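Asks: Got a structure here, written out as structure tokens. Questions coming.
The values are calculated or read from the model by the stated rules, or taken from the named source; none is laboratory data. Note that the structure is predicted; figures quoted are calculated from it, not measured. No Cβ is skipped: glycine too gets one built from the backbone with ideal geometry, and neighbour counts run over all protein chains shown. Ligands, DNA and RNA are stripped out before the accessible areas are found, and what is left, the full protein with its side chains, is counted by its heavy atoms. Shrake-Rupley method; radii C 1.70, N 1.55, O 1.52, S 1.80 Å.
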Amino acid sequence: MEEIKVSPDYNWFRSTVPLKRIIVDDDDSKVWSLYDAGPKSIRCPIILLPPVSGTAEVFFQQVLALTGWGYRVISLQYPVYWDLMEFCDGFRKLLDHLQLDKVHLFGASLGGFLAQKFAECTHKSPRVHSLILCNSFSDTSIFNQMWTANSFWLMPAFMLKKIVLGNFAKGPVDPKMADAIDFMVDRLESLNQSELASRLTLNCQNSYVEPHKIKEVAVTIIDVFDQSALSLEAKEEMYKLYPNARRAHLKTGGNFPYLCRSAEVNLYIQIHLRQFHGTRYAAISPSMVSAEELQVQESQLTHEDDDQSEDSCLQADQ
């Protein structure tokens, strides 16, 4: 079983896409780490937001594939923020620094929740043009951790890691999913105590999304049918919150489908972004559109051939 961190794709990503560190707050300790790849002429890129255990590297397969098709992709890692409004303010300053007026956001788990809260927070002067929510949630009460949310900052790193690892898949999984879990454990080990504690605090402090504030935002929800940290109730709540959202279902993929089912996830991202081609909010270089659309059509035909029924289907609920 080949580990992701020694794979040719990962090493190519690390050697060709530079990691940038940006400070936008008065506090110099708050550093955003990000990979910004693809044509810089694109002013409405897709930005990828990781889960609690993730770093900017966890989306390397999306960065490689999407930039190859002409998209501008930014994968980032958060500084230490203890409050949702503080995060939203910092993220808004980052977009200002990067001179990005509006963006598309792809968020996994906590990243999806933060994406929704940022869209909500900036709804009067919108900065989010669309959302792709992967294994995400809209209400932190599903974790039943509100009583501990204010004490994460006191806990040692090993205890915080144990809390996070408790949500990882247990039991037999296929080799690609096992590799994805190993890679995420490695990424988790790279986070320090304050990084982990602050993310868990954001993940668990009492908060929920107010959908009426972001009803104009186009949404795609990506879910897996197999074991993940999210309950069926949490998924159903997301469907209720966004009745007009496109739904992309993966039969398998666990907590980290962007790593172990990257081809399908990349295809769903392309399908979502395709609705903005030809507008000022396109995340792709105009010269690459026809080639990219041909590639999407070929991918869809391949999926249909591989999967005659509901194994891996995209359905739009209007």
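Asks: Out of all the residues in segment 116-170, which are among the aliphatic types (A, V, I, L, M) and assigned to a helix (DSSP H, G or I)?
Replies: Correct list: Ala119, Ile142, Ala149, Leu154, Ala157, Met159, Leu160, Ile163, Val164, Leu165.
Asks: Something else about it: Considering only residues that are on the phi < 0 side of the Ramachandran plot, open to solvent by 10 Å² or more (accessible area, probe 1.4 Å) and without any contact (Cβ under 8 Å) to a residue 60 or more places away in the chain, which ones fall in segment 84-103?
Replies: If the condition is that a residue be on the phi < 0 side of the Ramachandran plot, open to solvent by 10 Å² or more (accessible area, probe 1.4 Å) and without any contact (Cβ under 8 Å) to a residue 60 or more places away in the chain, then Met85, Glu86, Asp89, Arg92, Asp101 are the ones that fit.
Asks: Check Arg92 against each of (1) out of contact with any Lys or Arg (no Cβ under 7 Å at 6 or more places or on another chain); (2) farther than 25 Å from Leu230 by Cβ; (3) assigned to a helix (DSSP H, G or I) and name the one condition it does not meet.
Replies: Every condition holds for Arg92 apart from (1).
Asks: Looking at segment 88-103, is at least one residue touching a Pro at 6+ places or on another chain (Cβ under 8 Å), at pLDDT below 95 and farther than 22 Å from Arg199 by Cβ?
Replies: Just the residues of segment 88-103 that are touching a Pro at 6+ places or on another chain (Cβ under 8 Å), to begin with: 90, 100, 102-103.
Add one more test, that the residue is at pLDDT below 95, and what stays is none.
So far as segment 88-103 goes, no, none of its residues is touching a Pro at 6+ places or on another chain (Cβ under 8 Å), at pLDDT below 95 and farther than 22 Å from Arg199 by Cβ.
Asks: Can you list the helices (runs of 4 or more DSSP H) found entirely within segment 175-278 that contain at least 1 residues being on the phi < 0 side of the Ramachandran plot and touching a Gly at 6+ places or on another chain (Cβ under 7 Å)?
Replies: Result: 175-189, 257-260.
Asks: Would you mind stating whether Thr252 is free of Cβ contacts under 8 Å to residues at least 12 places away in the same chain and surrounded by fewer than 21 Cβ atoms within 10 Å (Cβ to Cβ)?
Replies: Details: free of Cβ contacts under 8 Å to residues at least 12 places away in the same chain: no; surrounded by fewer than 21 Cβ atoms within 10 Å (Cβ to Cβ): yes.
No, not satisfied.
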